[in-house]
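The values are calculated or read from the model by the stated rules, or taken from the named source; none is laboratory data. A quick note: this is a predicted structure, and the numbers were derived from the prediction, not measured. All Cβ positions, glycine included, derive from the backbone under ideal geometry; neighbour counts span all protein chains shown. Heads up: the accessible areas ignore ligands, DNA and RNA and are worked out on the full protein's heavy atoms, side chains in. Shrake-Rupley method; radii C 1.70, N 1.55, O 1.52, S 1.80 Å.
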Amino acid sequence: MSALLRRARKKPADRVVTLVGKPGCHLCDEARTVVSAVCEETGASWTEKDITRDEALHKEYWEQIPVVLIDGVQHTFWRVDPARLRAALGA
């Protein structure tokens, strides 16, 4: 791997995972478990956003929740594959 690619590639600990969901959503509960475990394992930080409290997120994602973003870019929706999330985080 070139020095430029190594420098540009973020470490998992420098990544931020955002889970977009809503209360009472069983898929969101499952996604939260996966995101939490993978972030704890890799050192990535994560946060959760509630679409019922954010009109812009609701308009963009209401049909896809739960949605997982990495550094603000959509990674997946509905089901979160732990291996795919780990790989996307560079772990």
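Of note:
- Counting only DSSP beta bridges whose two residues both lie in the chain, roughly 55 percent are antiparallel.
- Rounded tilt (10° steps) of 26-42 against the dominant C-alpha axis of the chain: 20 degrees
- Low-density loop positions, GluC sites (Glu not before Pro), region 50-91 - DSSP coil, at most 15 other Cβ in 10 Å: E63
- Across the chain, the mean sequence separation of Cα contacts (distance under 8 Å, 6 or more residues apart), normalised by length, yields a relative contact order of 37 percent.
- Structure-derived Rg and Dmax of the Cα atoms in Å: which label, when the choices are [x] 11.7, 32; [y] 15.4, 48; [z] 13.7, 46: [z]
- Taking trypsin sites (Lys or Arg not before Pro) in DSSP loop states with no more than 14 other Cβ atoms inside 10 Å as exposed sites, the chain has its longest site-free stretch at 11-78.
- For region 17-82, chymotrypsin sites (Phe, Trp or Tyr not before Pro) meeting the loop criterion (DSSP other than H, G, I, E, B) and having at most 14 other Cβ atoms within 10 Å: W62, W78.
- Probe 1.4 Å, protein heavy atoms only - accessible area per residue of the chain in square angstrom: 64 Å²
- Among P66, A83, T42 the positive-end extreme of the charge dipole of region 34-86 (Cβ point charges): A83
- The fraction of accessible area contributed by carbon and sulfur in the chain is 52 percent, rounded to a whole number (1.4 Å probe; ligands and nucleic acids excluded).
- Counting only DSSP H runs of at least 4 residues, each contributing -39500 (n - 2.57), and dividing by the residue count of the chain, the helix-based mean residue ellipticity at 222 nm comes to -11500 deg cm²/dmol.
- Cα-centre dipole for the chain with unit charges at Cβ (Lys and Arg positive, Asp and Glu negative), debye to 20: 520 debye
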